[in-house]
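Written out below as structure tokens is the structure these notes cover.
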Amino acid sequence: MYQLGLLSPDPKSDFGRLVSLTVASAYFGVFFVIPLRVWYILKLKLVFPTPTATAFTIRSLHSGPHGEAIAKLKARCLAISLAICFCWKTLNGYIPGIFLDWHIGWTLYRLGWTEAIKLENFGWIIEFTPAFFGK
């Protein structure tokens with residue numbers, strides 16, 4: 001709100017506005033969102049991602065005669081993916097330029113295209129993050 005110019009540059013002078021914004025948000029949450037949740041999710045049975053996904057996961061873990069074996073397989077896959085993600089994140093904290101950043105200008109410069117170093121000078125890199133690949 002400061003960048004939009006809606007508040008003054010000094011937060012001390014906007015104390016009243018910030019408190020009223022907080023109170024208005026709390027009022028909206030208590031008196032509008034909770035009844036709308038009851039109406040739309042509980043009465044109309046509309047799908048809400050978090051509880052529905054949790055319920056389906058718990059149901060799938062206990063369904064059928066092979067539920068225990070499937071649950072163990074899913075738990076093992078979850079543990080393996082957690083270990084891989086932990087290692088990936090830890091290594092990226094220490095050596096971020098190897099896994100994530102690809103300096104395209106420097107690479108093309110090393111391959112013989114000498115004008116491509118300008119890309120590096122402008123700070124153009126390709127980062128291989130989950131956002132790069134999409135979800």
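Any read-out appearing in this document is the output of simple, stated calculations on the displayed coordinates, not a laboratory observation. None of these values were measured; they are calculated from a predicted model. Backbone-built Cβ (ideal geometry, glycine too); neighbour counts: all protein chains shown.
Which one, TRP88, GLN3, ALA75, projects farthest toward the positive side of the charge dipole computed for the chain from Cβ point charges (K/R +1, D/E -1)?
Farthest towards the positive end: ALA75.
Modelling each spin label as a point 7 Å along the Cα-to-Cβ direction, I'd like the SER20/ALA75 distance in nm, to one decimal.
5.5 nm
When the Kirkwood hydrodynamic radius is evaluated over all pairs of different C-alpha atoms of region 54-111, what value in angstrom, to one decimal, is obtained?
14.7 Å
Can you pull the one-decimal nm distance between simple spin-label points at ILE95 and VAL33, each 7 Å off the Cα toward Cβ?
Calculated label separation equals 4.4 nm.
What 222 nm value per residue comes from the helices of the chain, counting each DSSP H run with n ≥ 4 as -39,500 (n - 2.57) and dividing by all residues, nearest 500 deg cm²/dmol?
That calculation yields -17000 deg cm²/dmol at 222 nm.
Quick test of the membrane-span-like rule: which DSSP H helices of the chain reach at least 27 Å along their long axis (C-alpha atoms) with mean Kyte hydropathy at least -0.5?
67-94
What is the Cα radius of gyration of the chain over 2.2 N^0.38 Å, N being its residue count?
1.80
Given 0.36 nm per residue, what is the gain on full extension from PHE86 to LEU7 after removing their alpha carbon distance, in nm?
Length gained between PHE86 and LEU7: 24.3 nm.
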